[in-house]
Amino acid sequence: MRACNEKDAKGKICAGHLKRWYFFGEEIKRLFGEEAEIYRCENCKTLYLPNPDETPRSGTLAY
Ligand SMILES: [Zn+2]
């Protein structure tokens, strides 16, 4: 189980619980697709992607 590693102003790790988040907008859909797995920290609301190295599914970068 992943936890939030965002630091607050005092440098303390948030460690909030990351929850699957389905309410992302058009911009995120365009970047990561309709089925993007986005997680959001329940504590500080930071958004996380599960795997930034994952190949985009859009096909626009199919070189
Ligand atoms: Zn957090």
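Bear in mind these aren't lab numbers, they're just calculated from the coordinates by the rules spelled out. This one's a predicted model, so the numbers in the text were calculated from it and none came from an experiment. Cβ sites come from the backbone with ideal geometry, for glycine too, and all protein chains shown count toward neighbours.
Some values worked out for this structure:
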| quantity | calculated |
| --- | --- |
| Pick from the range 18-28, criterion in contact with a strand residue (DSSP E or B) (Cβ under 7 Å, 6 or more places away or on another chain) and not aliphatic (A, V, I, L, M), ranking: nearest to the ligand (Cβ to nearest atom) | LYS19 |
| Neighbours by Cβ (under 8 Å, 6+ apart or cross-chain): first from the range 26-48, without any contact (Cβ under 8 Å) to a residue 40 or more places away in the chain; second of a type in the set (Asp, Glu) and within 9 Å of the ligand (Cβ to nearest atom) | CYS41/GLU6 |
